[in-house]
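Peer 1: Mind having a look at this structure? Questions to follow.
All of the numbers you see were taken from the coordinates with simple rules; none came from a lab. Source: prediction; values computed, not measured. As a convention, Cβ positions derive from the backbone with ideal geometry for all residues, glycine included, and neighbour counts pool all protein chains shown.
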Amino acid sequence: MSETLLIIMAKWPRFGSCKTRLSKDIGKSNALRIQNKMLNHTLSVSNYLKEQKITEISMAITGIGLNSSKRWCKDLGINNFYFQGKGCLGEKMKRQIFKSRRNLRNNKKNIIFIGTDLPNLSHMDIVRTISKLKKKDVIIGPSNDGGYWLIGFSQRFLSKNSYLPFINIKWSSNDVLRKTINNLSQQKIKIDFLSTKIDIDTLHDIDQRG
């Protein structure tokens, strides 16, 4: 059984409610098409990791109800899901950690969070993260907007510091990464990084990718 749980933070791709900043520039239909394409790519990478027994997968869902979530995950071949719930991104991730670790099978697992905004996500990004977690406590994939596209925690870290990375952060600001590193550095946590990637949230992000 895999020693890593990959949690995908996913919003149900509904017309008019996804990629709202991007839709202002390219229209709601095009924004929905891009969101679906990135979501499908993320799931393709994740399912490959599951098939290779590299990770287990859990979806953190928002935007739909219980029955629709069950059908959606069944169609996607994903067995485990929880709702993201209310609050900021930090509160949502803390909730996922708590719920996942409450499940005894996941109590001694590394946990890696990713979103669905990365058209160039690779399974090797996750493999590298798992490898780095053997020696480090927290692995971060910085994003172009001052946040991060991936954050991974070793089970050693989670047993003691589940809330530490998410304290006193103004989410959706350009200093999320800096604040997170400051939180961890104060406790002498061992951190390592992946390469910077571009989250697709605006037309400018697409232009940056060329």
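Peer 1: Run the numbers for Arg102 and Lys74: contour at 0.36 nm per residue of separation, minus the present Cα-Cα distance, in nm.
Peer 2: On the way: separation 28, 0.36 × 28 = 10.08 nm, distance 2.24 nm.
Answer, rounded to one decimal: 7.8 nm.
Peer 1: Same structure, new question: Tell me which trypsin sites (Lys or Arg not before Pro) from region 39-85 have a DSSP coil assignment and no more than 13 other beta carbons within 10 Å of their own. Intermediate values should be presented prior to the final figure.
Peer 2: Numbers: sites: Lys50, Lys53, Lys70, Arg71, Lys74; in loops: Lys53.
Passing both the DSSP loop test and the Cβ count: Lys53.
Peer 1: Also, quick follow-up: Please list 144-153, 182-191 highest first by mean number of surrounding beta-carbon atoms within 10 Å per residue.
Peer 2: Values: 144-153: 21.7, 182-191: 14.1.
Final packing ranking: 144-153, 182-191.
Peer 1: Taking Cα pairs under 8 Å and at least six residues apart, what relative contact order does region 4-209 come out at, in percent? Spell out each step's value before the answer.
Peer 2: Details: 330 pairs, mean separation 46.5, N = 206.
Relative contact order for region 4-209 comes out at 23 percent.
Peer 1: Dipole size in debye (nearest 20) for region 57-194 around its Cα centre, Lys and Arg Cβ +1, Asp and Glu Cβ -1? Mind dumping the intermediate values first?
Peer 2: Numbers: 25 positive and 8 negative charges, 157 e Å.
That gives region 57-194 a dipole magnitude of about 760 debye.
Peer 1: Just to verify a number: FRET efficiency for Ser172 and Glu51, C-beta to C-beta distance, R0 = 25 Å, to 0.05? Intermediate results must be reported in sequence, preceding the final value.
Peer 2: Numbers: r = 34 Å, r/R0 = 1.36.
That pair, Ser172 with Glu51, gives E of 0.15.
Peer 1: For Gly85, which sequence-distant residues (separation of 5 or more, or a different chain) have an amide H within less than 5 Å of its own amide H, given hydrogens modelled in the peptide plane?
Peer 2: The answer is none.
Peer 1: What area, in nm² and to one decimal, does the C-alpha convex hull of the chain cast on average over all directions?
Peer 2: On the way: hull surface 44.4 nm².
Value for the chain: 11.1 nm².
Peer 1: Stick to Cα atoms and the Kirkwood definition of Rh, then tell me Rg/Rh for region 64-126.
Peer 2: On the way: Rg = 13.3 Å, Rh = 13.6 Å.
Rg/Rh for region 64-126 comes to 0.97.
Peer 1: What does the C-alpha gyration tensor say about the overall shape of region 81-172? Classify as rounded when a/c is under 1.5, otherwise prolate if a/b is larger than b/c, or oblate. Kindly include the intermediate steps, with their values, before the conclusion.
Peer 2: Details: a/c = 1.42, a/b = 1.06, b/c = 1.35.
Rounded, because the longest to shortest axis ratio a/c is under 1.5.
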